Amino acid sequence: MLTNHRGTSMAVSAPAVVALCGTLLTACSSSAAPKAVTGSRSTPMPAVSPSPEPQPAYPAYYIESLRRQTFPGGKIVVGTQMFRGVGFTKYHVTWPSQGQTMTGTLSLPDGPGPFPVVIVNHGHIPTSRYWIGQDSGIFGDPMASHGFISLAPNYPGYSGSGQLDPVYPAIIGEAVADMDLVSSLSSLPQADVRRVAMMGHSNGGGVSLLISVIDPRVKAFALFAPVSSAMADNARKWWTAGGSLGAAPPPDADPGVYTHISPRNYFTSATPPMLFLQGTADQDIPAAWTSASVQALQDKGVDTSVVWYPGAVHDLVGSDLADADRRAEAWIRQHLT
């Protein structure tokens, strides 16, 4: 039996006015007249526009900096065909990001479109073991069979994708490449750029959580056992040993840095709807992490739901995976209307 939970919340401010009074001196004679000033006329002072508040100089990988950054993207180049699926064809693709060429896959439905788009972010897999389409096709290809364009990036440094700015923690660089991909969607004639959603598994869920608080063009999210929305959790468990920190210090050396890269601290009532799907026996992602993310979203009034699969581990399979894919599609359809 599956369990499913939902919830909602919000905030305000105000100004004040101060008036000054002068003192009237009574020692002046009533017959005294003011002297006229001749030969000059006062020139009104030009109005001075208030200077904009200077923006703090945050590191490039802070969420504040990423919100100010531009992601111009470019042209999605459709390459060789990988295979024919049921109602779709899968291709290799490339697109530009921050001066580098990124690679990935495109599962394109049959027909002229326009089709809604889902970007699928895979979990962490060592580059030596990764194969193109791994941990993304199982989520995105069923969507393509049902009329969604599915795009799955190969992360920076994977399968021909270029490396981005080394100051970025790996998960930030992955989000940057995704946002350039979103900017590139207009070059795909079949894409409905007004209806864009995102799916992510594990580390790919963390990439998606970052984008949920940076890029408002993505309207709905379905996350399969995502990493924590508090990035210090992830850094302690994986980043420090795995060389994924970029220019960020270890979390216990400077915890303040992690407040600026944790999506949880940036959730608002405007954060897009979010669905979580996870096994109760997940050996990689503690249930407490997911529950904390769900609670933080619900506290801000975000439309949020979580489905727990009894006894399922980190990688859903069989009927659990089929059910999760079905629920993810229904959630995304509901919120892209």
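The values are calculated or read from the model by the stated rules, or taken from the named source; none is laboratory data. Predicted model, so just to flag it, every value in this text is computed and none were measured. Here the Cβ positions follow ideal geometry from the backbone for every residue, glycine too, while neighbour counts run over all protein chains shown.
Do the conditions hold for residue 281, that is, is it in contact with a helix residue (DSSP H, G or I) (Cβ under 7 Å, 6 or more places away or on another chain), among the small types (Gly, Ala, Ser) and either over 21 Å from residue 165 (Cα atoms) or modelled with pLDDT under 95 (or both)? Walk me through it before giving the result.
Values: in contact with a helix residue (DSSP H, G or I) (Cβ under 7 Å, 6 or more places away or on another chain): no; among the small types (Gly, Ala, Ser): yes; either over 21 Å from residue 165 (Cα atoms) or modelled with pLDDT under 95 (or both): yes.
Criteria not met by residue 281.
Which ones in segment 146-195 are β-branched (Val, Ile, Thr) and crowded, with 24+ Cβ neighbours inside 10 Å? Steps first, please.
Filtering segment 146-195 down to residues β-branched (Val, Ile, Thr) leaves 149, 167, 171-172, 176, 182, 193.
Passing the criteria: 149, 171, 172, 176.
Would segment 231-243 turn up any residue that is touching a residue at least 24 places away in the same chain (Cβ under 8 Å) and among the basic types (Lys, Arg)?
Within segment 231-243, not a single residue is touching a residue at least 24 places away in the same chain (Cβ under 8 Å) and among the basic types (Lys, Arg).
Each row is one residue, and each column tells you yes or no for (1) over 23 Å from residue 325 (Cα atoms); (2) among the basic types (Lys, Arg); (3) within 15 Å of the chain's Cα centre (by Cα); (4) in a loop (DSSP other than H, G, I, E, B).
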residue: 177; (1), (2), (3), (4): yes, no, yes, no
residue: 185; (1), (2), (3), (4): yes, no, no, no
residue: 206; (1), (2), (3), (4): no, no, yes, no
residue: 216; (1), (2), (3), (4): yes, no, yes, yes
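Taking segment 272-289 only, how many residues are buried (at least 21 other Cβ atoms within 10 Å of the Cβ) and touching a Gly at 6+ places or on another chain (Cβ under 9 Å)?
So the count comes out to 3.
I'd like to verify a number: residues in segment 44-74 that are out of contact with any strand residue (DSSP E or B) (no Cβ under 9 Å at 6 or more places or on another chain) and at pLDDT 95 or above, how many?
First, pick out the residues of segment 44-74 that are out of contact with any strand residue (DSSP E or B) (no Cβ under 9 Å at 6 or more places or on another chain): 44-70.
Still in the list and also at pLDDT 95 or above: 58-70.
Residues flagged as out of contact with any strand residue (DSSP E or B) (no Cβ under 9 Å at 6 or more places or on another chain) and at pLDDT 95 or above within segment 44-74 amount to 13.
Which condition from (1) assigned to a strand (DSSP E or B); (2) on the phi > 0 side of the Ramachandran plot is the one that residue 194 breaks?
(2)
Condition first: under 18 Å from the mean Cα position of the chain (by Cα) and either closer than 16 Å to residue 233 by Cβ or among the small types (Gly, Ala, Ser) (or both). Now tell me which residues in segment 268-288 satisfy that.
269, 270, 276
Here is a check on your reading of the model: is residue 252 more than 24 Å from residue 165 (Cβ to Cβ) and touching a residue at least 24 places away in the same chain (Cβ under 8 Å)?
Details: more than 24 Å from residue 165 (Cβ to Cβ): yes; touching a residue at least 24 places away in the same chain (Cβ under 8 Å): no.
Here the answer is no, as residue 252 does not meet what is asked.
Just to be sure, is residue 208 closer than 19 Å to residue 64 by Cα, hydroxyl-bearing (Ser, Thr, Tyr), at pLDDT 95 or above and buried (at least 24 other Cβ atoms within 10 Å of the Cβ)?
Numbers: closer than 19 Å to residue 64 by Cα: yes; hydroxyl-bearing (Ser, Thr, Tyr): yes; at pLDDT 95 or above: yes; buried (at least 24 other Cβ atoms within 10 Å of the Cβ): yes.
For residue 208, the condition - closer than 19 Å to residue 64 by Cα, hydroxyl-bearing (Ser, Thr, Tyr), at pLDDT 95 or above and buried (at least 24 other Cβ atoms within 10 Å of the Cβ) - is met.
Give the residue that is farthest from the chain's Cα centre (by Cα), with candidates limited to residues of segment 289-316 that are within 24 Å of residue 135 (Cα to Cα) and of a type in the set (Val, Ile, Thr).
Taking segment 289-316 as the starting set, the residues that turn out to be within 24 Å of residue 135 (Cα to Cα) are 289-291, 293-294, 304-316.
From what's left, of a type in the set (Val, Ile, Thr): 290, 294, 304, 306-307, 313.
On the way: 290: 17, 294: 16, 304: 16, 306: 19, 307: 21, 313: 26 Å.
Looking at the filtered set, the residue picked out is 313.
If I filter segment 136-145 for residues that are under 27 Å from residue 60 (Cα atoms), out of contact with any Phe, Trp or Tyr (no Cβ under 8 Å at 6 or more places or on another chain), among the polar types (S, T, N, Q) and in a loop (DSSP other than H, G, I, E, B), do I get at least one hit? Lay out the reasoning, then the answer.
Going through segment 136-145, the residues under 27 Å from residue 60 (Cα atoms) turn out to be none.
Within segment 136-145, none of the residues are under 27 Å from residue 60 (Cα atoms), out of contact with any Phe, Trp or Tyr (no Cβ under 8 Å at 6 or more places or on another chain), among the polar types (S, T, N, Q) and in a loop (DSSP other than H, G, I, E, B).
Can you find, within segment 60-96, the residue that is nearest to residue 147 (Cα to Cα) among those that are within 24 Å of the chain's Cα centre (by Cα) and of a type in the set (S, T, N, Q)?
Within segment 60-96, the match that is nearest to residue 147 (Cα to Cα) is 94.
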